[in-house]
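First up is the structure itself, then whatever we jot down about it.
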Amino acid sequence: MDSLKKILDLMQNERGRVFITDLNGNPAYVIMPLAEYESFQKKKRGQGQIEELLARVSDLTDQTEELNRQITEAQVEEFEEGTFDEDNLERPSQTITLDETLYIEPIESNKHAD
C-alpha cells in the first residue's frame, strides 16, 4: 500500500498522469485524475456517435445513388421504347429569371513567373 501512496503523491505533485510499465519497459497502465478520465470517455463516446452518423449518411448516399440510377435506367428505357411522355413531366411551379448579368473571371495567382 505504501507504493501506491508514493505513486499517488507523485502524480499529485506532478499534476499529471503516471505511466506504469511492464518488465520490458513498455507502457502498461496509466493513472490519471478521475475528471480527466471521465472527460476522455465522453469524447470517446461522442466520436463513436459521429462515426455512426457518418456511416448512416454514407448508407443514405449509396441508397440515393442507387435510386437515381434506377430512375435514369427507367427513363432511358422509356425513351428508347418511344413511351417517354415529356408532357407528363412535373413542371416547376415558379419560373426563376435572373435580371443581372453574371461575369466569371479567373482569379489571378500571387505567384509570378520569373
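Observations
- Summing +1 for each Lys or Arg and -1 for each Asp or Glu among the other residues whose beta-carbon sits under 13 angstrom from that of residue 34 gives 0.
- On the beta carbon distance between residue 20 and residue 47, with R0 = 25 Å, the FRET formula returns roughly 0.45.
- Kirkwood Rh in Å, taken over the range 34-84 so that all alpha-carbon pairs contribute: 14.2
Every number here is computed from the coordinates shown, using simple stated rules; none is lab data. Because the structure is predicted, anything quoted here is derived from the model rather than measured. Cβ coordinates were reconstructed from backbone atoms using ideal geometry, including for glycine residues, and neighbour counts include every protein chain displayed.
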